[in-house]
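To start, the structure itself, in structure tokens.
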Amino acid sequence: QVQSAESGGRLVQAGGSLRLSCAASARTSVNYVVGWFHQAPGKEREFVAVIGWSGGNTLYADSVKGRFTISRDNAKSTVYLQMNSLKPDDTAVYYCASGVRWYLPTRPTEFVSWGQGTQVTVSS
């Protein structure tokens, strides 16, 4: 099973930008989809974005549309989450999750492998 590791989280001011990375431990197969979720203290884990194998298919949560962009570099086995115009409400631990699917999943139970998470804190 391919493992993933997130990086890039830190403290940033509102209105700022961050790029998170999710690196896979091995080369991935066709239809290996990767999603980002976030979880704030006391709240459930929520869907942020997901990307298909080719990178041409993506889905976003309404709360991040127009601000966040998910992309992937299969040669590097890495998926990115570019976060712009950050808000204090974006503060959470961000997780990347992966699995082999023929569609774009958005629920945590539809993903097989999870990273450890990276903390993003947006100050007002």
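The values are calculated or read from the model by the stated rules, or taken from the named source; none is laboratory data. These numbers were taken from a predicted model, which means no experiment stands behind them. Here Cβ is always computed from backbone atoms with ideal geometry, including for glycine, and neighbour counts include all displayed protein chains. Just the protein is used for accessible areas: all its heavy atoms, side chains included, with ligands, DNA and RNA removed. Shrake-Rupley method; radii C 1.70, N 1.55, O 1.52, S 1.80 Å.
Miscellaneous remarks
- Accessible area of the chain divided out per residue, in Å², using a probe of 1.4 angstrom: 52
- Highest average first, the peptides 61-67, 36-42, 46-52 ordered by how many other beta carbon atoms sit within 10 Å of their residues are 46-52, 36-42, 61-67.
- Cβ-based net charge around V122, under 14 Å, with every Lys or Arg adding one and every Asp or Glu removing one: +1
- Our coupling estimate for segment 63-78, obtained by passing each phi through the Karplus curve with A = 6.51, B = -1.76, C = 1.60 and θ = phi - 60°, is 5, 10, 4, x, 10, 10, 9, 9, 8, 8, 10, 5, 5, 9, 6, 10 Hz, Gly and Pro reported as x.
- With every protein chain in place, segment 1-101: carbon and sulfur % of accessible area (1.4 Å): 47
- Here the relative contact order of the chain, from alpha carbon pairs under 8 Å that lie six or more residues apart, stands at 37 percent.
- Remark: C-alpha extents of the chain on the principal axes read 41, 28, 24 Å, sorted largest to smallest.
- Site pair E46 and E110 shows an inter-label distance of 1.8 nm when each label is modelled 7 Å from Cα along Cα→Cβ.
- Spatially proximal aspartates and glutamates relative to K76 (Cα-Cα < 19 Å; intrachain offsets below 8 disregarded): E6
- Remark: relative contact order (segment 24-91) = 26 percent; criterion is Cα-Cα distance under 8 angstrom and separation of 6 or more residues.
- Under the convention that each Lys and Arg Cβ holds +1 and each Asp and Glu Cβ holds -1, the size of the dipole of segment 4-49 around its Cα centre is about 120 debye.
- Segment 33-79: equivalent-ellipsoid semi-axes (sqrt of 5 x gyration tensor eigenvalues, Cα, Å): 22, 12, 8
- Cα-projected label distance for N84 with R10, points at 7 Å along beta-carbon direction, nm: 2.0
- For K43, a cut-off of 26 angstrom between C-alpha atoms picks up these lysines, skipping any fewer than 8 places away in its own chain: K65, K87.
- Rounded D (µm²/s) - segment 54-124, Kirkwood Rh over Cα pairs, Stokes-Einstein at 25 °C, 0.890 mPa s: 179
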